[in-house]
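> Just passing along the structure, written as structure tokens.
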Amino acid sequence: MVGEDGADMLAILDDIARGKMTTTVMVDGVPLKIGPSIKERREAAVALLDRGFGKPTTPVDLAGADGGPLVVNVIRYAGDGEEGA
């Protein structure tokens, strides 16, 4: 989402996260306003945080045997071993 549409979507997520967006349903002929659930509010807040600050990274510790340097062997294969390949 780019441009104005992106700003609109962020505003909608903000309204959901703050519990401002409501839906009106009819119960026995009486209008009843229902706000977003806690789960929906949390998901909207997470979406806003991910877009604003980026998703948290998971650190990966790469080490060789006994914590030593990591050794990478690169083997290049040419063809299938048949003559003329």
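> If LEU70 meets every condition in (1) surrounded by fewer than 11 Cβ atoms within 10 Å (Cβ to Cβ); (2) at pLDDT 90 or above; (3) not β-branched (Val, Ile, Thr) apart from one, which number is that one?
So LEU70 meets the others, but not (2).
> Within the range 1-37, how many residues are of a type in the set (Gly, Ala, Ser), modelled with pLDDT under 90 and assigned to a loop (DSSP other than H, G, I, E, B)?
Residues that pass the stated criteria total 1.
> Any residue in the range 42-65 that is within 22 Å of LYS20 (Cβ to Cβ) sitting within a Cβ distance under 7 Å of a residue that is among the small types (Gly, Ala, Ser) and at pLDDT 85 or above? List the pairs, counting only those 6 or more apart or interchain.
ALA44/ALA17; ALA45/ALA17; LEU48/ALA17
> Could you grab me the full set of residues in the range 38-67 that are loosely packed, with under 11 Cβ neighbours inside 10 Å and at pLDDT 90 or above?
Initial filter on the range 38-67 (loosely packed, with under 11 Cβ neighbours inside 10 Å): 38-39, 52-67.
Once the filter is applied, which keeps residues that are loosely packed, with under 11 Cβ neighbours inside 10 Å and at pLDDT 90 or above, the range 38-67 yields ILE38, LYS39.
The values are calculated or read from the model by the stated rules, or taken from the named source; none is laboratory data. Computed from a predicted structure; not experimentally measured. Note that each Cβ is placed from the backbone with ideal geometry, even for glycine, and that neighbours are counted across all protein chains shown.
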